[in-house]
Amino acid sequence: MNQLLDNRYQIIHKLHETNLSITFQGKDIKTATHRPCLIKQLKTYSQNTKLQQQLEQRFQQEAKTLEKLSKHPQIPDSYAYFSANNQLYLVQEWIAGYNLEQKFKQQGKLTETEVKNILIKLLPVLEFIHRQHNIIHRDIKPTNIMLNSENLPILIDFGIVKEIVTSTNTQIQSTSIVGTPGFSPPEQRLGKPTFASDIYSLGTTAIYLLTGEIPQNKFSWRSNIPNISQEFADILDKSIEENWSDRYQTATEMLTAIKGSKTVYSPPNTKLQIPRTEPSPDPNQKVSPVTLTNPGNSQWLKIGIVAIIVGTISTATVIFYHNKNEIQPTVTPTQEITAQEMLDAATQKAETAISKAKNTPEKEQLEIARDELQIAIQELENIPQNPGIENQIQTKKSEYMKIINQIDRALEKEPCYRVMWNCQEYPVKNDGSFDWGRL
C-alpha cells in the first residue's frame, strides 16, 4: 500500500474497516525511528457544502478534545489531525500489547484480585474524563481496554466519536448506535447516557472477565463464580443496576468501595508475556483502533456495531493540521489469538444463541438470544482482515442479521405469544417452538 499522507505518515496496511472509517497501521517517516502509529481515514462524504462545513467544524472540535484527553497516560496519544484528498485523517499512538478479550481467551477466567486491580487502575481514568472533561466514553468493553507492556490498562475507542457522523447523516443514523449490545445500559440504548452508563459498562466488563458471561441482570451471574467475596459481588451488582440512579454516580465512589472491600481468594493466573517485536502486517494480529470525543445523543437499534471512529468529511485541500511533540513508544504488538480462532468463537456463540431462540416462545429468552447474536456479529466485525476467511465472515454476518430480523418480527407479535403463543397469528410448531419458515 505504502501511501504517504501529508508527506509524513506512511500507510503500511489496513487493520479494520467499518461503514464509517478505515483504520490503518502506519509509521511516521519524519521521526528518527519511524515511529509506529494508528491512522484513521474517515469515510463520510457529502456534496452539500453547508453539511461539509458543519462536519469539518465538528472534526476540529473533537480532535481538540482528543488532544486534551490524550494527556492522561492511560489514554492513547493524539499525534496529528488533518484533511487531504477530500478525506479527514486522525493519527494516534500505536498501543503495543493486547486487549482484555484476548487475555481472557488465552488464560481463561480472571481472579477476583486481577479484576480488582484492573478496576482500581481504570476508575481514575473514568473520573478524569467524566469530571475534568465532561466526557462519557459509551463503549467500555473488554476489547476497548488494552494492557500495555507494563500491564497498565489503557482505555481506547471512545464510542461517542461516532456522533460526528450519525448526528449529521440520517442514513447512518438508521443503521448505527454508539455502544455494544450486552455492555450498554438501558438509558444509553435510548440515547440518554450518563456518567453512570460508563459505570454499568465497566461493571459488566468485570463480570465478563470473572465468569465468561455477560450478566442479564444482577445476582444471576454469581452462580458462575461461587468463591467471589460478598463485598465485591455487591459492588458489581450495584454497578449494573438497571436504573442509572441506583448505580455508583461517580467513578471515585466505586473506587472507594473496591479499595475498602476484602478479597476471598487471590492467586492470579500466569501473566501473559509480551515479546518485544516490531509491528508487522500480520492479518491475524488483533489491533484495536483508538478514538475519543464528546458525548451526544444516540439512537437505539437492534443490531449494534462497534463504535470506533471520529466521523466527518472535509474539503479537497488541507484546511488544517496539527502535530504534537514526538513521543517514542515501546513497540511490542503481539498475536494472542488468530483470526480463525476468533471466527470459530464468534460462530459458536451465535449458534448457541440461535438454538436458544428456536426452542423458546418466551419473550425474555428471545431478547437474550437476540442480544447474544448481536454480540457475535460484533465479534465478527472485530476480526482483523484475513483473505482466507473474509467470505466466511461476511456470509455468517448476513445469516445472523437475517435471524435477528426474524426475532424482531416475532417480538412484534408480543400480544399474541405472551397470552397464548400458539394462536394462528403467531407461527409455532406443535411443541411450542417457533416456526421460523413462516415468519
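Points worth noting:
- Some residue of the stretch 232-240 being assigned to a loop (DSSP other than H, G, I, E, B) and at pLDDT 95 or above: yes
- Qualifying residue in the stretch 368-375 (condition: over 22 Å from the mean Cα position of the chain (by Cα) and at pLDDT below 80): no
- Residue match in the stretch 376-388 (condition: closer than 24 Å to TYR98 by Cβ, in a helix (DSSP H, G or I) and touching a Gly at 6+ places or on another chain (Cβ under 9 Å)): yes
- Close contacts from the stretch 388-403, counting a first residue that is touching a residue at least 24 places away in the same chain (Cβ under 8 Å) and a second that is not in a helix (DSSP H, G or I), with Cβ to Cβ under 7 Å and a gap of 6+ residues or different chains, come to ILE393/ILE383; MET401/ILE303.
- Filtering the stretch 160-198 to residues that are at pLDDT 85 or above, under 23 Å from THR18 (Cα atoms) and assigned to a helix (DSSP H, G or I) leaves GLN188, ARG189.
- Answer residue from the stretch 33-91, given it is small (Gly, Ala, Ser) and within 25 Å of the chain's Cα centre (by Cα) and is farthest from GLU127 (Cα to Cα) among those: ALA80
- Annotation note: Cβ proximity below 9 Å between a residue of the stretch 363-378 that is free of Cβ contacts under 8 Å to residues at least 12 places away in the same chain and over 26 Å from ALA339 (Cβ atoms) and a residue that is of a type in the set (A, V, I, L, M, F, W, C) and surrounded by 23 or more Cβ atoms within 10 Å (Cβ to Cβ) (sequence gap 6+ or interchain) occurs for GLN365/ALA357.
- When LEU152 is tested against the conditions (1) modelled with pLDDT of 90 or more; (2) farther than 30 Å from ARG35 by Cα; (3) surrounded by fewer than 21 Cβ atoms within 10 Å (Cβ to Cβ); (4) in contact with a helix residue (DSSP H, G or I) (Cβ under 8 Å, 6 or more places away or on another chain), the lone failure is (2).
- Listing of strands (runs of 3 or more DSSP E) fully contained in the stretch 37-156 that carry 3 or more residues being in the same structural domain as GLU253 (by TED's automatic domain parsing): 145-147, 153-155
The values are calculated or read from the model by the stated rules, or taken from the named source; none is laboratory data. These figures come from a predicted structure and were not determined experimentally. Methodologically, a virtual Cβ is constructed for each residue, glycine included, from the backbone with ideal geometry; neighbour enumeration extends over all protein chains shown.
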